[in-house]
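The values are calculated or read from the model by the stated rules, or taken from the named source; none is laboratory data. Every value quoted in this text rests on a predicted model; they were computed, and no experiment measured them. Here the Cβ positions follow ideal geometry from the backbone for every residue, glycine too, while neighbour counts run over all protein chains shown. Remember, those area values only see protein heavy atoms, side chains included, never the ligands or the DNA or RNA. Shrake-Rupley method; radii C 1.70, N 1.55, O 1.52, S 1.80 Å.
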Protein chains: 4
Amino acid sequence: MQKLQGIMPPITTPFVNGELAIDKLQLNIDKWNKTELTGYVVMGSNGESVFLTHEEKLTLVEMTKKFASSNKLIIAGTGSDSIKETISLTNKSAERGANFSLILTPSFYKSEMKHEAFIKYFTAVADTVKIPVIIYNVPKFTGVDIEAETVAALSEHPNIVGIKNSSENARQNNEFISTTRKDFAVLVGTASMLYSGFSSGSVGGILALANIAPVECIQIQNLIEKGNLTEALDLQNRMIPVNKAVTAKYGVAGLKYAMDLLGYFGGEPRSPLSVLSVNEKLLMKEILKKSGLFTE
Amino acid sequence: MQKLQGIMPPITTPFVNGELAIDKLQLNIDKWNKTELTGYVVMGSNGESVFLTHEEKLTLVEMTKKFASSNKLIIAGTGSDSIKETISLTNKSAERGANFSLILTPSFYKSEMKHEAFIKYFTAVADTVKIPVIIYNVPKFTGVDIEAETVAALSEHPNIVGIKNSSENARQNNEFISTTRKDFAVLVGTASMLYSGFSSGSVGGILALANIAPVECIQIQNLIEKGNLTEALDLQNRMIPVNKAVTAKYGVAGLKYAMDLLGYFGGEPRSPLSVLSVNEKLLMKEILKKSGLFTE
Amino acid sequence: MQKLQGIMPPITTPFVNGELAIDKLQLNIDKWNKTELTGYVVMGSNGESVFLTHEEKLTLVEMTKKFASSNKLIIAGTGSDSIKETISLTNKSAERGANFSLILTPSFYKSEMKHEAFIKYFTAVADTVKIPVIIYNVPKFTGVDIEAETVAALSEHPNIVGIKNSSENARQNNEFISTTRKDFAVLVGTASMLYSGFSSGSVGGILALANIAPVECIQIQNLIEKGNLTEALDLQNRMIPVNKAVTAKYGVAGLKYAMDLLGYFGGEPRSPLSVLSVNEKLLMKEILKKSGLFTE
Amino acid sequence: MQKLQGIMPPITTPFVNGELAIDKLQLNIDKWNKTELTGYVVMGSNGESVFLTHEEKLTLVEMTKKFASSNKLIIAGTGSDSIKETISLTNKSAERGANFSLILTPSFYKSEMKHEAFIKYFTAVADTVKIPVIIYNVPKFTGVDIEAETVAALSEHPNIVGIKNSSENARQNNEFISTTRKDFAVLVGTASMLYSGFSSGSVGGILALANIAPVECIQIQNLIEKGNLTEALDLQNRMIPVNKAVTAKYGVAGLKYAMDLLGYFGGEPRSPLSVLSVNEKLLMKEILKKSGLFTE
């Protein structure tokens, strides 16, 4: 089994006619199994977790575990504002095979979601769940941001083992690394932070881009570890337009369309998200071509 | 049974030692039953809905229905980003006695949550649920805002009957009123908008303040309907500091503490929210005294 | 001379080939002089004040005073972050004929621009300038917002006589009215707040829309004062799409194009702003037609 | 004369009793002259530029040039929304000795300040001014952000030679570097981005921290250039609490107090900013002690 490090895709959830398509999930995982990806994140932001029912979530964990090579980590996104629901879903996910839980910062009462509330929330959860907790900080979706001093305090909890940080703030990422305990895993949350993160002490990344370009993401990591910084940066720079297209610009629908172009099953996002327009598809194709990932 | 109008509190959820305290709920509802409140909103933002489990939610609807006078409306906050979960929870709530569903705008994928997505989401939900839908717009918690043209389009759906608008933007509220069909209920979402709303065509309000000052809220409405605008405005102005204290300033914890002071059961908010500090309690007491709501 | 009340346009600054066109200013003012507008605001946000040189500003004040009917108020937008510059420009404007100064909240150091800084700034300015001060609160441009308790404190200064509030927040506007001294003038800053403001105690408005629809804006005020609330609201609702078009949607360029269509001189905004595109012009024309302001 | 690279402080403006204190400026510059700082930025955000009069600004440029060692670059912050004023102040600053102009993105009409407006603004300015232009991007003060494609286009202008980027977004900084022409200088705008910037192709930094810790800032640069990445990162991490204290936490008042503690003249910020409270001073002293910069 892998350590909590390296490149992991927050895998998309395949739907056919709006329903889970487990065979398509298998198709994708079979392809990813052939790479050096260290694990799979189920029910992350790119997995459209918020659109899934409780039962669908558990099915996804179970099937991902079943299809994944035995050395791959299974990380389940199980957090919600409710501590009770979070604990329950985490433990059920553990029973279905999840090795780690990725737990979103609570965010509904935004003005109260500060140091004290985060400490209470994550401590209550981590005290009770059967698998280790990874904090998930993603301000663009939650509207809240967790501070370094809070993460530092939480890193002392024996069952809180890392953070996925989806901000692009290099200072914040450095603070997470420098103020937490030595073996606490700071994982970058977007491919545009791979270079900055790995050259500053991040040990891994959970990256939308790894769904479609796992080899390139892994290569950036390897180049940095070998000290080939310039080459790593060049490769990352080549990937940045693609990364923007499958995240900020076109979101999950864009990521899924790119998967379709690149030999994976992408398919449609679940309603109320929409597929790309014809024009957006053309632009996405152009971006993939320019990056070298796609050739007709 | 009441029409969808008038003053309705988004009732707080009573906890003792962190668990639902149904006897305390009854105590509160018994008091509210003696007023002209037209209904009760269960599982609104002030009901700490996001901290409740699925089962707790259904219990709350059932018990609220049981304790409420027969002429009171029961409105259940049943929305989440998942269309499937929203439909399921709405229909189960209907079975337990809910007359209307209050459905939050989906909000996780903020940049995509615009006109088209809202149309798809609310249409899919309203097509299927067994009780009428009230849209719930609360930008300060969701980080998204629904536009008048979207609400106007949705108001054409036979099963979408109103909106609770928790913004304080008078222009927006007027647009909701003037661009939707005649019998579409625009409800203000905070007591500070009572005067502006009722004098512009709003027919009701779902107000945190109505938990502790139902009589005053109803009086503002009555004064406006009788044309006593100055008196209505004066009363509202007297309530604004209290309203701020139980919403923006101290949140649910503040509202619950005020309930304790005023003869209701407030109690503690659920973790990770915290009770007020000693100093905050003193300040809250002062604010209530100044408003005339509290006398020692 | 008028009192500080009623409807006043923040007049646009006419440019021909990027330079001040004083004859065009005269043309516009001649038209406005025939209405019951109570005054003219020079160097407001719609006057592209930030694009003008010191000398151009003084010329504008002088020429506006010269062209205006003797009973019209001249209000000069003279505020900047620098207390020294603000005092200097205000006093020079007073010498050229300004009756009041409209002074923007300082805003560069956003996180420090709170109660204490606003008190220091406006007190220092008001202590020294020769004409009365109107506070100008416009969060969408400055990124800062002034609180009611600050305005209440400043309203005690003998030389601070009012506030132009360009937010659409009805609660905030009510607080400004109810917490300041009786003769403090709360002026709404956008036509969409006319109804809400005048029916709650605002005594005037400084409105982009008054550049092109002075008669309609004045009529809304008159209707409210006569107690014809429904008619006033209907008229305002008819104006809201136009108001949006000349502010949030198309900005100064839109306002100037609408002026051109309606018999005023609008012309081009100064660089780096751009004129409307052909398509935007068509849409603007449609909006004006629908409102009844424009007929071909 | 230095090239546009290396570490440059945006020097604070010394005031005594609210007026320029040129002798204190000399005292500070004499100290900085002994370091390997490559230049001085006058009238930057930390120079309280927005509080200065036109004449004071020119005096500051002249005196800084006079006191600076002959090999130091003089960069003058001369931008405002007005193209005319910006050109005028830039050329007058050039006459007083400025080698470069640092020109803030225009920002008043926030919703219009996008690609096209930035291209028009910076092209008009750079076409006319006598010294090279450095773009100044500082979203936290302006509320606008310039995109990489805009900077890339502007980098083709022969008189636009660099950008000071005060955001902490590593992806954005990398895009500025990778999409602009080879000799375009991307300067980081805060010490927390030194490591990330220099290890990714930034050639310099304009840093508040360089006012009080020039040697440490220069050392971080030197360590990275020698390939001692770990040591560089350690040193930066040690500086981050200080950097936060003199920027986000306590602002210019904090920076000036730290200067007083460390042998420079800091003094009071200009009104409406305030000096630190007694308690804030104690906390600042603690932070400086912990960093090793200050010993009693």
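Each of B:7, B:87 has its accessible area taken with a 1.4 Å probe; listed largest first, they run B:87, B:7.
The trypsin sites (Lys or Arg not before Pro) found in the stretch A:1-55 that occupy coil by DSSP, while having at most 13 further C-beta atoms within 10 Å, are A:3, A:34.
For chain D, what is the accessible area per residue in Å² when the probe is 1.4 Å? Ligands and nucleic acids excluded, the result is 35 Å² per residue. The calculated FRET efficiency for the pair residue A:225 and residue B:283, based on their C-beta separation and a Förster distance of 56 Å, comes to about 0.55.
Take residue B:27, move 7 Å from Cα toward the beta carbon, and the resulting point lies 6.0, 6.6, 7.5 nm from the same point in each other copy, nearest first. Charged neighbours of residue B:119, selected by a Cβ distance under 13 Å, balance to -4 (K, R count +1; D, E count -1). Each of A:151, A:134, A:94 was placed along the dipole of the stretch A:6-228 (beta-carbon charges, centred on the mean Cα), and the one lying farthest toward the positive end is A:94. If you average the C-alpha positions of the stretch A:1-63 and of the stretch A:144-205 separately, how far apart do those two centres end up, in angstrom? Taking the Cα centre of each part, the stretch A:1-63 and the stretch A:144-205 sit 23 Å apart. FRET efficiency for residue D:149 and residue B:147, Cβ-Cβ distance as r, R0 = 30 Å, nearest 0.05? Calculated value: 0.60. Amide H contacts under 5 Å for residue D:16: D:21, restricted to partners 5 or more places along the chain or on a different chain, H placed in the peptide plane at 1.01 Å from N.
Remark: relative contact order (the stretch B:6-228) = 19 percent; criterion is Cα-Cα distance under 8 angstrom and separation of 6 or more residues.
Buried surface between chains D and A: roughly 1600 Å² of accessible area, summed over both sides, computed with a 1.4 Å probe on protein heavy atoms only. Quick check: from the Cα gyration tensor, does the stretch A:49-121 come out rounded (a/c under 1.5), prolate or oblate? In terms of gyration-tensor shape, prolate. Taking each of A:182/D:244; A:31/B:84; A:66/A:285; D:24/D:84; A:57/A:164; D:3/D:34 in turn, the alpha-carbon distance tops 26 angstrom for A:31/B:84; A:66/A:285; D:24/D:84. Taking the helices alone, chain A has a mean residue ellipticity at 222 nm of -13500 deg cm²/dmol, built from -39,500 (n - 2.57) per DSSP H run of at least 4 residues and averaged over all its residues. Below 15 angstrom from the Cβ of residue B:266, what's the summed charge of the other residues (Lys, Arg +1; Asp, Glu -1)? Net local charge, residue B:266 excluded: +1.
In plain terms, the bigger the Kirkwood radius, the slower the diffusion; for the protein assembly as shown, with that radius from Cα pairs, at 25 °C and 0.890 mPa s, Stokes-Einstein puts D at 77 µm²/s. Per Stokes-Einstein, at 25 °C and 0.890 mPa s, what whole-number D in µm² s⁻¹ belongs to the stretch A:1-137, with the Kirkwood radius over Cα pairs as the hydrodynamic radius? The Stokes-Einstein estimate is 161 µm²/s. Ordered by solvent-accessible area of protein heavy atoms (1.4 Å probe), largest first, the residues D:30, B:183 come out as B:183, D:30.
Under Stokes-Einstein, with the Kirkwood radius over Cα pairs as Rh, the value for the stretch B:6-228 at 37 °C and 0.692 mPa s is 189 µm²/s. Residues of the stretch A:159-191 that bury at least 10 Å² of accessible area once all protein chains are present, compared with their chain alone (1.4 Å probe, heavy atoms only, ligands and nucleic acids left out), are A:168, A:169, A:170, A:171, A:174, A:175, A:178.
Comparing mean-square fluctuations of D:275, D:41, D:186 from a GNM of chain D with C-alpha springs under 10 Å, the top value falls on D:275.
Remark on residue D:185: its backbone amide H falls under 5 Å from those of D:162, D:163, a criterion applied only to residues 5 or more positions apart or on other chains, H modelled at 1.01 Å from N. A simple count of charges around residue A:40, restricted to other residues whose Cβ falls under 11 Å of its Cβ and scoring Lys, Arg +1 and Asp, Glu -1, yields +2. Descending by average beta-carbon neighbour count within 10 Å, the peptides B:144-151, B:64-71 line up as B:144-151, B:64-71, the highest first. Across the alpha-carbon atoms of the stretch A:78-163, the computed radius of gyration and Dmax are 11.9, 36 angstrom.
With both residues required to sit in chain A, DSSP beta bridges show an antiparallel share near 5%. The share of accessible area on the stretch B:155-296 that comes from carbon and sulfur is 51 percent, using a 1.4 angstrom probe.
Using a 1.4 angstrom probe on protein heavy atoms only, which residues from the stretch D:257-296 are buried by at least 10 Å² of accessible area when all chains are present rather than their own chain alone? Residues passing the criterion (a loss of at least 10 Å², heavy atoms only) are D:270, D:271, D:272, D:273, D:274.
Here residue D:225 yields copy-to-copy label distances, from shortest upward, of 3.2, 7.2, 7.9 nm, the label point defined as 7 Å from Cα along Cα to C-beta.
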